[in-house]
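Read the structure below first, then the notes.
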Amino acid sequence: MKKIILFKNHKGHLAIYITLSIIQNICVVLSTYSLGMVLKNAVPPISDFTKAGYLSLFTITLFLISAFCSYINTIVKTDLSKKIKIDLINIVILKIFSYNLQEFNENKKGEYLSWINNDVENIESGVYSLFLIFLDSFFSIVFTFIALAFISWIVLLITIFFSLLFIIVPYFMKKRITKNIINSSLSSADFISRTENLMNGYEEFYASNKSNILKTLITTTGLKYENVKQKQTLTINKLLLFMHSFIIFVKFAVIVAVIILSSSYEWIIKGGPLMVLSIEPLSYSFVIQFSNIITNLTSFFSHTELAKKFNVNNKEAKISKINFQNLKINNLKYSIENKQIINDLSFDIKKNEKILIIGESGAGKSTIFNILMKRVKDFSGQIYFNDNKKINYNEINDRSLFQFIDFLNQHPLFFNDTLKNNLTLFDDTIEENDILNALKKTNMFKWFEKNGSDLNMMINSENKNISSGEMQRLSLARVLLRNKDLLFLDEVTANLDIDNRRLIEEIILNSDKTILFISHSIEEENKLKFDKVIQI
């Protein structure tokens, strides 16, 4: 069972972050306390300027160490965020790829894109980032509590009042941060566009048992996006760090006024009234960090519930080899809301036969195709291989089935990529000669030569730079290249002109494959060439 576990693969990063957070918070507390000691030794009656000077250097050193740790932790956190998002994308993709075709089609592709983009972002920010914030707040509270307990419990209420004066946000940085957020949004849009284009090829990769290649492509796309976002996040975090430092500067400036007003309360504070300089920021930090923990814990647990939906059993299904001889369909029935779509259909497909199923629109032709593609499973009747009812169609796992079955429909899918990658589905193990032979078999070789005989020519899936007939023949070349025994072709000549329709029909009839061809119309002379014609 694949589960989302906090920082399982990034314990080193987490250890560095925790160590630096502890050092940073210790330095913040000590420097705050030391600042009060500087003032105590610098003014009468002590006026020990040498000691005050050493304490000042000590305070500055602590502050610089704290700032350095904070800066390094910003880098660590940004890098950790990128790595965790890549992990989350892989987990979400693993969840998607655990679905069969029927389960996959139950959700819209936009929902999967939302998982990869929005849910990954929400889980990272609402679980992982919040956990790091929780650690920072926890360490701050622990060390601040110790310091306040050492100095004075009574002054806590007074300093809480003063702490409210320091909730200042320097709005002059807002424009730069907004600009970075817009740039991040544009990068996100590019990422979604490319991912959507790849996800449209889910069935192609699935039927080719090459889902691992699609997974790698999507992961690589995500990595490119995260690299861009990492730079933008670093910029934003640097700006936020500057804002935080600015607030600290304002707080220290106001402390002078606090010291003057509290000079008569020497009995309250251990170390003298000038120690108010230390108590104020400490008490402020305590209240704010405690509030952060309460608020963030609620959000944290809400987002962990969101993460649970991506838990998946990632056990690979065993591939069984089936030596295809025939496929039998007996008494197939299917209805939707009491409307009979298929009624008692029986036929068989023997090896190397060409079977034509023909009928008007709405007769159930595409439903037969969807049943054979396992997109629909709630039918009655029997489908089995090789005259053996034990080799039940629905009981064979999809990976075994698509070892020898392939399909093509009327909507050829192409990616915004090279001709070679579109034909091979990014499988670099396929030889170039095999690609060229597939182009010859589909009468696309002259077109290939006309376009410079370049397998790296770009195919544009949106602004199609090839005709519909050419795209359908290239799709057929892709199917032939995969070299499966049994092909299901659903309305592959629909919406084509008569010349392209006749050409594709002849390619199908002349192939050495077993073919189930589903169509609402066909050239009469080609119709006679099929081994069986089933009218529905």
Subject >> Extension gain, Lys529 back to Ala15 (0.36 nm per residue minus Cα-Cα distance, nm) >> reply: 177.9 nm
**OP:** Take the eigenvalues of the Cα gyration tensor for the range 377-536, scale each by 5, and report the square roots as semi-axes in whole Å, largest first.
**Re:** 29, 20, 14
**OP:** Counting other beta carbons within 10 Å of each Cβ, put Leu30, Leu474 in order, fewest first.
**Re:** Leu30, Leu474
**OP:** With a point put 7 Å past each Cα toward its Cβ, work out how far Ser361 is from Asn311 in nm, to one decimal.
**Re:** 4.7 nm
Subject >> FRET E, pair Asn397, Thr61, Förster distance 56 Å, beta-carbon r, rounded to 0.05 >> reply: 0.30
Original post:
Contour minus end-to-end for Asn443 and Asn122, with contour as 0.36 nm per residue of separation and end-to-end as the Cα-Cα distance?
Top reply: 110.6 nm
**OP:** Starting from the Cα of Leu234, move 7 Å in the Cα-to-Cβ direction to define the label point; list residues of the range 78-114 whose amide nitrogen is under 19 Å from there.
**Re:** 78-86
Subject >> Distance in nm between pseudo-label sites at Arg502 and Lys108 (7 Å out along the Cβ direction from Cα) >> reply: 4.3 nm
Subject >> Cα-based shape type of the range 368-427, given that a ≥ b ≥ c are square roots of the gyration tensor eigenvalues and the cut on a/c is 1.5 >> reply: prolate
Original post:
Amide H of Ile341: which non-local residues (sequence gap of 5 or more, or other chain) have their own amide H closer than 5 Å, using H built in the peptide plane?
Top reply: Tyr334, Ser335, Ile336
**OP:** Could you give the spread of the C-alpha atoms of the range 447-536 along their three principal axes, from largest to smallest, in whole angstroms?
**Re:** 41, 27, 21
Subject >> Separation of the Phe138 and Leu509 label points, Cα + 7 Å toward Cβ, nm >> reply: 7.4 nm
Original post:
Residue separation times 0.36 nm, minus the C-alpha to C-alpha distance between Phe131 and Lys224: what's the value?
Top reply: 30.9 nm
Subject >> Rounded Å value of the spacing that divides the Cα centres of the range 372-416 and the range 431-488 >> reply: 24 Å
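Throughout, read-outs are computed from the coordinates displayed, never taken from laboratory work. In this text, all values refer to a predicted model and were calculated from it rather than measured experimentally. Cβ coordinates were reconstructed from backbone atoms using ideal geometry, including for glycine residues, and neighbour counts include every protein chain displayed.
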